[in-house]
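Structure, as structure tokens:
The values are calculated or read from the model by the stated rules, or taken from the named source; none is laboratory data. Bear in mind that the values here come from a model prediction, so they are computed numbers and not experimental data. Cβ sites come from the backbone with ideal geometry, for glycine too, and all protein chains shown count toward neighbours.
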Amino acid sequence: MFKRMSVALLAGASCLATGLHQAAAIETAPRQEPTATYAGQPVQRTAAPMRTAYAGRSNMGGGFIEFLFGDGQNQGGRYQQQPYQQQPPYDQRPLFQPMEPQQVMRQQEVAGAYPAFDPKFEKQLVDYQGNERPGTIIIDTPNKFLFLVQGNGKAVRYGVGVGRPGFTWSGVKQISAKKEWPAWTPPPEMLARRPDLPRHMEGGPQNPLGARAMYLGSSLYRIHGSNEPWTIGTNVSSGCIRMRNEDVIDLYGRVNVGARVVVI
């Protein structure tokens with residue numbers, strides 16, 4: 001019995017020694033260098049994703065045996081992630097296509113804070129005690145009102161924006177033309193003061209003449225709409241009379257070419 005146990009112990013020790021010798025031989029065998037992919041180089045993609053950066057694996061079987069007998073200092077390198085290509089910061093990524101200068105200006109205007117529209121400049125029917133005939137337009141420059149005489153002692157009153165100091169005027173004109181969504185070509189005098197203005201702008205919501213325009217005689221002055229309703233009730237223009245778009249559309253439908261315009 002004792003003899004059989006001795007033989008078994010000797011056989012086990014022999015197997016252990018043989019395994020250690022084989023492990024040492026495997027460890028001293030030349031190992032393959034890992035394949036790494038860097039930013040800017042083409043990536044060789046396989047049919048299925050691989051967790052290792054090696055092109056081949058060792059013949060140690062992996063798992064616990066490879067952990068015990070492998071090179072501990074380089075084990076981590078077998079599972080290193082591929083180099084990460086740094087992405088640009090979020091706020092530097094182009095989110096939209098470049099906009100035209102007029103669109104940029106409009107976006108800045110809308111984003112800003114502007115005074116609320118004063119209710120006293122809303123369109124309303126008021127009493128009128130003057131001598132002008134129905135259909136006549138009267139512009140009260142100091143009080144920023146435009147009156148359209150109706151007859152029977154009534155007039156429709158609108159709020160307006162008028163000329164800045166030095167650009168106000170008074171007199172009697174006639175409406176010489178009417179245009180819907182007019183184009184705008186700043187006169188040379190305005191371009192001399194504001195060289196940043198466009199030389200021409202087609203009609204549309206961004207056009208400073210707004211939805212409608214009524215031209216006064218042969219002058220450069222107009223009664224026109226505006227995409228800046230917060231300027232109604234102020235001294236803002238270069239001599240033109242500006243109205244909210246909804247108000248100028250209403251007035252446009254009520255008057256004809258040849259109507260008398262009195263500016264006081």
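Brief remarks follow.
- Residue check, Met190 among the hydrophobic types (A, V, I, L, M, F, W, C) and over 15 Å from Val162 (Cα atoms): yes
- Checked against (1) at pLDDT 95 or above; (2) touching an Asp or Glu at 6+ places or on another chain (Cβ under 6 Å), Ala183 passes all but condition (1).
- Count of the stretch 169-187 residues which are farther than 20 Å from Arg244 by Cβ and over 36 Å from the mean Cα position of the chain (by Cα): 8
- Taken together, the criteria exclude Arg260 from residues that are within 26 Å of Gly130 (Cα to Cα), of a type in the set (Lys, Arg) and buried (at least 19 other Cβ atoms within 10 Å of the Cβ).
- Candidates in the stretch 161-203 are the residues that are closer than 17 Å to Gly225 by Cβ and touching a helix residue (DSSP H, G or I) at 6+ places or on another chain (Cβ under 8 Å); of these, the one that is surrounded by the fewest Cβ atoms within 10 Å (Cβ to Cβ) is Glu180.
- Screening Gly161 with (1) farther than 19 Å from Thr141 by Cβ; (2) more than 29 Å from the chain's Cα centre (by Cα) gives one miss only, at (1).
- Test: residue in the stretch 160-174 that is in contact with a Lys or Arg (Cβ under 6 Å, 6 or more places away or on another chain) and of a type in the set (Phe, Trp, Tyr): no
- Single condition Asp247 does not satisfy, out of (1) under 28 Å from Pro119 (Cβ atoms); (2) of a type in the set (D, E, K, R); (3) part of a loop (DSSP other than H, G, I, E, B): (3)
- Selection count, the stretch 189-226, where residues are in contact (Cβ under 8 Å) with a residue 60 or more places away in the chain, of a type in the set (S, T, N, Q) and within 25 Å of Val255 (Cβ to Cβ): 1
- Single residue of Arg199, Arg194, Arg244 found to be of a type in the set (Lys, Arg) and in contact with a strand residue (DSSP E or B) (Cβ under 8 Å, 6 or more places away or on another chain): Arg244
- Whenever a residue of the stretch 175-188 is farther than 16 Å from Asp250 by Cβ, its partners that are among the polar types (S, T, N, Q) and surrounded by 15 or more Cβ atoms within 10 Å (Cβ to Cβ), lying with C-beta atoms within less than 8 angstrom and at least six residues away or across chains, give the pairs Pro182/Asn207; Ala183/Asn207; Trp184/Asn207.
- Ala213 vs. criteria loosely packed, with under 14 Cβ neighbours inside 10 Å and not in a loop (DSSP other than H, G, I, E, B): no
- For Gln174, the requirement of being more than 25 Å from Gln124 (Cβ to Cβ), polar (S, T, N, Q) and either part of a helix (DSSP H, G or I) or modelled with pLDDT of 95 or more (or both) is met.
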